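Take a look at the structure below.
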Amino acid sequence: MTSREIVVDITPPDEAVLEAPLAPSFDYTRSTGPILGAFFTGLRDRRLVGVRDSRGAVHLPPVEFDPHTHEALTDFVEVGSGTGIDGVVVVWTWVPEPTDVNPLDSPFAWALVRFDAADTAILLPLAADGPEDVSSGMRVRLRWSAERTGTIHDIACVVPVDVAGGDDPGGTDQGDDDEVPQPSGDEPVTMVVTPIGLSVTHTAGPAESEFLRAIVQGRVLGRRRSNGPEVYVPPRDYCPSDGVAMGEYVEVSGVGTVTTFGIVNVPFAGQEITPPYVTAYILLDGSDVPIQHLVLGCEASEVRMGMRVRAAWTPEADRPASMKAITHFEPTGDPDADPDTYADHL
């Protein structure tokens, strides 16, 4: 073996490795400001609003500051309104298998489209029967969504000009202007809420799988380093310090010490616990790495560094293979730990 070769001996686990779907998501809320506010208000009213810079170029979507002088821009330009807003495809890519987060249910193209009265391109879905019907330089026409609220989704898609007056590949053909539902109210758009989400399948490694199987049984499993006495919780497959495969599994206690903590006072979307409450780093007895979890069962103001806490387990019949197997930690009532026992883990 040369110095450039690395040999890794991986032993297959005795049991199947665990996996589960994960879908983290949140709603991102932001204020628009006057420039983007005009753009989103225009979309709600079926108008494309851009802005002109110091050299006469029209930016769509609008930008807040001049790319040349860096001065604030205020010269709004209506690029188009109603039906018949046409443009040209600059570049595109085909999406053969749309997911539930895509704007169209059937295969479509993402395209950078430069509308005729604009000098920059905007990314939009392009509805077409197949990739053979899409090309750079092709003419497309904008299709509005039937219901509009002042977001980029007020644009349903663009379609090839040669089919814009007939069958609509995107299923968004709207007919005449009078047939299209109009938005209620004329207040400008000042806030935009954008749902953010990600769907993945998480595959647990061998050590994580062992940890999850143990936690369903009401046990907390760690793993000792091969080159030292330290025990990591949750267990790793390889040591983060030296990259060497970890050693023996070690069951640690469900009782531990609060090493540091924070009090959550601000409510947010999807919050399951009413503030104030505490999230803390807890050093379990027998472990050398603290874990993060909730500390409940007392007033948030009573939580302190050195407090001794114990795991509160979900009922065995409902216990998931996740950290939610422990609902929270609560005070044991024992005297606080000596700071020397946890100072190195702050």
message: Nearest 500 deg cm²/dmol is fine: what mean residue ellipticity at 222 nm does the chain get from its DSSP H runs of n ≥ 4 alone, each adding -39,500 (n - 2.57), divided by its residue count?
response: -2000 deg cm²/dmol
- prompt: Of all the accessible heavy-atom surface of region 17-127, with the other protein chains kept in place and a 1.4 Å probe, what percent is carbon and sulfur?
  reply: 55
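May I have the convex hull volume per residue, in Å³, for the Cα set of region 227-290?
Values: hull volume 8.5 nm³, N = 64.
So the per-residue Cα hull volume is 133 Å³.
Which value, to two decimals, describes the C-alpha radius of gyration of the chain once divided by 2.2 N^0.38 Å? Each step should come with its number before you reach the end.
Details: Rg = 28.7 Å, N = 346, 2.2 N^0.38 = 20.3 Å.
Ratio of Cα Rg to 2.2 N^0.38 Å: 1.41.
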field: the chain: most fluctuating residue of I152, I273, I291 per GNM, C-alpha cutoff 10 Å
entry: I273
message: Relative contact order of region 96-153, please, whole-number percent, based on alpha carbon pairs below 8 angstrom and at least 6 residues apart.
response: 24
query: Among G82, V113, V192, whose Cα sits farthest toward the positive end of the charge dipole of the chain (+1 at Cβ of Lys/Arg, -1 at Cβ of Asp/Glu, about the Cα centre)?
result: V192
message: Net charge within 11 Å of A337 by Cβ-Cβ distance, Lys/Arg positive one each and Asp/Glu negative one each, not counting A337 itself?
response: -3
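Taking GluC sites (Glu not before Pro) that fall in a DSSP loop and have at most 13 other Cβ atoms within 10 Å as cut points, what is the longest piece of the chain between them?
Numbers: sites that count: E5, E15, E64, E71, E147, E248, E272, E299.
The answer is 148-247.
With the contact rule set at Cα under 8 Å and sequence spacing of 6 or more, what percent relative contact order holds for the chain?
The normalised contact order for the chain reaches 14 percent.
Tell me the chymotrypsin sites (Phe, Trp or Tyr not before Pro) within region 239-320 that lie in a loop according to DSSP and have at most 14 other beta-carbon atoms within 10 Å. Intermediate results must be reported in sequence, preceding the final value.
Working: sites: Y249, F261, F268, Y277, Y281, W313; in loops: F268.
Passing sites in region 239-320 are F268.
Where Rh is the Kirkwood radius over the Cα pairs of region 30-169, the temperature 10 °C and the viscosity 1.306 mPa s, what D in µm²/s does Stokes-Einstein return? Write out the running numbers ahead of the final one.
Working: Rh = 15.5 Å.
So the translational diffusion coefficient is about 102 µm²/s.
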Choice from T274, T83, T257 showing the highest fluctuation, given a GNM over the chain with Cα pairs closer than 10 Å: T274
query: Quick one: helix 33-44 against the long Cα principal axis of the chain, what's the angle to the nearest 10°, folded into 0 to 90?
result: 60
message: Using all alpha carbons of region 256-307, what is the percent of pairwise distances in each 10 Å bin, ordered from the shortest bin to the longest?
response: 26, 50, 21, 3
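Write down the accessible area per residue of the chain in Å², having rolled a 1.4 Å probe over the full set of protein chains.
Details: 19520 Å² over 346 residues.
Using a 1.4 Å probe on heavy atoms only, each residue of the chain averages 56 Å².
The values are calculated or read from the model by the stated rules, or taken from the named source; none is laboratory data. All figures in this text were calculated on a predicted structure; none of them were measured in a lab. Cβ sites come from the backbone with ideal geometry, for glycine too, and all protein chains shown count toward neighbours. Remember, those area values only see protein heavy atoms, side chains included, never the ligands or the DNA or RNA. Shrake-Rupley method; radii C 1.70, N 1.55, O 1.52, S 1.80 Å.
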